[in-house]
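Just so it is clear, none of the values below were taken in a lab; they were calculated from the coordinates. Because the structure is a prediction, the values reported are computed rather than measured. No Cβ is skipped: glycine too gets one built from the backbone with ideal geometry, and neighbour counts run over all protein chains shown.
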C-alpha cells in the first residue's frame, strides 16, 4: 500500500475569511492541547475551562476585571505588533513597561499641585518618553551596529527590573510600612474610573487610542509604509531609498513608548504606587497577543481581550477547581506556537501529489 | 576594601567563577551546535528552566541525582524536537518558534511545580551534589582549590568543551552539521540529509540546555525557584556570538561571565554602600557591551534563521 504524498504549495492570493478564521482555529486547537495538560494533572478540563469563562465573563465583577487586565495587554500587544511589523524583535516590552511605570511614579509621588487633567497628561508624556528611551537603546544598537535586538531587548528587561528594585528598596522605600514599594501618587495624578463599582480606569481609553493611532500610522502614513517595507524586506526597502536605520529607530521609539504607557496605567489607574511586581509578564504576553492578532491593530485588541479573559478567569478557576492559575502561562505558550503553525495555512495550501 | 586584597578572596572568586560558568558552558555549547546547523534556538531559557525542574522533581522523588540529570537531558531533547518540528519540518520563523518554546516551557515548569508541590511555606529541598576533591591535585596550593575542588557537573562541562570541538571540526558528522548550517542546498546536493542533521543538532542542543538547567537545582541551589535561570539562557545566546560559534572560545566567554557573576555575588556579600541590584545588573550590562564590540565582526553561519525547503 502506498501512502498518499502531500506537499506545500504557495497560495496565489490568500482569502480574507481565512485570515479572520485562523486565530479562532488556533484558539480551539490550543484549548485541546491545554485540556490534555489539565487531564495529565488529574483534573477535569471541561470544568476548568468553564470556570475560566465563568470567572471572566459570568459576573459583572469578573467582566470588569477582564477589562482591567486587557488594558495593559492591549498596549504591550500593539507595541510588540508595531515592532514586529518592521521586523524589530522587541522582546523588551516588559522592561519598557517598567520604565514607563518608574517615570510616572516619579512624577506622581512628587505631589505637584496641578489640575488633574494636566497632571494625568504629564504622567502619560513622561511614561511614553521613558519607555521610548529604554527601547531607543536596542533600536539604535540594532540599526547602527547590527547588535542582535532579541538579546539586547531581553537583557534590558532584567536591567530595568533590577533598577526598579534598587530604587524601591532604597530611596523610594515606603517610610511607613518599610515595604519595598513607593508611597502613593498624588490623588490628582490618578486616572479616573470609567465605571462605578469597578477598577476599570482611563487606561482602557488610552489603550483604544493607541490602537487607533497605530492603525492610522501603519495604513495611512509614509512612516507606516516605510515600517511595512522595512519589515517585508529591509534590503529592498533600502534600495527603494527608504532610510531603514531611521525607520527602525522610530519604530523602536514608538513601540517602547506605547509599552511605557502600559506601565503608566498600572500605576496611575490601578495600584497608585509602584511595586516590584506590577507586571506579571504583560510584556511577554504582548508577543503572544501580537501574533494571535495577526499583527493587525483590531486583531491585537481582540487577542488582548481574549488573554484578559484567560488571565482573569484562571485566577477564579484556580480557587474553584484546584488547577493552578499558571495554566494561563501554559495556554499563552501553546497559543503562540499553534498560531505560528496556523500561519502556514495562510501562506500555503496542502496539495496531494499524484 | 581590605577583604578584597587577600589570597583567600581570589581563590574563592576564581573557584566560584568556574562554578558559575558551568551552566553557561553547557547551554552555550548546546546553542553553538544548533546555530552551526542553521537554527537559532531561543527556546534555551525555557528549556533550561524545565531542565532544572525535571532534575529537581526526579531527584526529589527518587533520591537519585543522576536520574535527575537524565530527566533534565531527556526533557531538553524533547523541547529540541519540538523546536525541530516548527523550525525544520514546518520551516517557520525561528525567532517566534523559540520564544514560543520558552513561554511554553516556562509555563509548564511553573504549572507542574505548583500542581505537584503546591505552595508550602517551606519549599521542599533535596540533597545536592557535593564538591568532588580530586585526590592529590586538590592539595596543590592555590590551583588545587580553584580547579580540583568543584562539582562533578563542572568537570563534565569542561571535558565537554574539547569533545564538542572535536565533534564539530574533526568528524564527518560535524562536517555535515556545519555544511547544513552554511549552505543547505549544497549539503543536500552531496547527499547530506539536511532535515535529519538539523534535528540531531537540535536534540544535542536541547539535551545540553536541559543538563545546564539541572545545575541550578542539583548543585547551585537545593530547591526549585521560579526565576532561577534568570536570563542566563539569553546570556548564552550572546556568548555564542562572542565565541564566534567556536566551542573553545565558549569556554573563555563562559569563564568571563561566570567571573562577573561570581564577583558580583562576592561584592554583594562584602556589603558596599551600593544597592546590591547594581551588582546583579553587571552580567547583563557586560553582555550588551560585549555584543556591541563583537557584532560588527560576527560571522554568522550562512543559513542561520533561513528555513530550508526542498524544491
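Across the protein assembly as shown, counting alpha-carbon atoms alone, Rg and Dmax equal 25.0, 83 Å.
Taking Cα atoms only, the orientation of helix B:94-117 departs from the longest principal axis of chain B by about 50 degrees. Against the main long axis of the alpha-carbon atoms of chain B, helix B:247-270 sits at an angle near 30°. Taking chain B as a Gaussian network of alpha-carbon nodes connected by springs under 10 Å, the highest mean-square fluctuation of the residues B:75, B:109, B:89 belongs to B:89.
Taking the Kirkwood radius as Rh and the Cα radius of gyration as Rg, segment A:214-354 has a ratio of Rg/Rh equal to 1.06. Taking the longest Cα principal axis of chain B as reference, the axis of helix B:232-242 is set at about 60 degrees. Between B:263, B:291, B:13, find the one with the highest GNM mean-square fluctuation for chain B; connect C-alpha pairs within less than 10 Å. Of B:263, B:291, B:13, the Gaussian network model singles out B:291 as fluctuating most.
Among B:240, B:161, B:290, the residue with the largest mean-square fluctuation in a Gaussian network model of chain B, with springs joining Cα atoms closer than 10 Å, is B:290.
Fewest neighbouring Cβ atoms within 10 Å first, the residues A:89, A:106, A:179, A:134 line up as A:179, A:106, A:89, A:134.
Is segment A:5-353 best put as rounded, prolate or oblate by its Cα gyration tensor, with a ≥ b ≥ c the root eigenvalues, rounded for a/c under 1.5, and otherwise prolate when a/b is larger than b/c, oblate when not?
Details: a/c = 1.88, a/b = 1.16, b/c = 1.62.
Note, shape of segment A:5-353 comes out oblate.
What the Cα convex hull of segment B:1-139 gives, in volume per residue, is 180 Å³. Express the relative contact order of segment A:157-199 as a whole percentage, based on alpha carbon pairs under 8 Å and six or more residues apart in sequence. Across segment A:157-199, relative contact order equals 22 percent.
For segment B:28-168, the relative contact order works out to 24 percent when only alpha carbon pairs closer than 8 Å and six or more residues apart are counted.
Each of A:65, A:276, B:185, B:31 was scored by other Cβ atoms within 10 Å of its Cβ. Listed from fewest to most, they are B:185, A:276, A:65, B:31. In whole percent, what relative contact order does chain A give with Cα contacts below 8 Å and a gap of six or more residues? Reported as a whole number, the value is 37 percent.
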